[in-house]
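These notes concern the structure reproduced below.
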Amino acid sequence: MELNERIRVWREYAGLTKTALANAVGVAMTAVIQWENGGTTPKSENLELIAEACGVSMEQFWGRLPKRKRSAS
């Protein structure tokens, strides 16, 4: 699976909007849109922030993708 798809899947799994992910990473929402569309690639430090915002480790981020969204706690 491509990086752009991973970002989208993990964002949706975490129940984050594109705006919420952008705020967590400290970028404009247009950056998240570009990442998810495959137009640009996030910097490595932003990848770590993306994973953190989604509540997963980098190992989990690069591993098997979740099948469904997290349930609300």
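Here, each number is a calculation from the coordinates, and none is a lab measurement. Since we're looking at a predicted model, the values are computed, not measured. Cβ atoms come from the backbone with ideal geometry, glycine included; neighbour counts cover every protein chain shown.
Observations on the structure shown:
- The single condition among (1) of a type in the set (A, V, I, L, M); (2) surrounded by fewer than 16 Cβ atoms within 10 Å (Cβ to Cβ); (3) touching a residue at least 40 places away in the same chain (Cβ under 8 Å) that V56 does not meet is (2).
- Among the numbered conditions (1) surrounded by 14 or more Cβ atoms within 10 Å (Cβ to Cβ); (2) of a type outside the set (K, R); (3) closer than 17 Å to S57 by Cα, the only one that W35 does not meet is (3).
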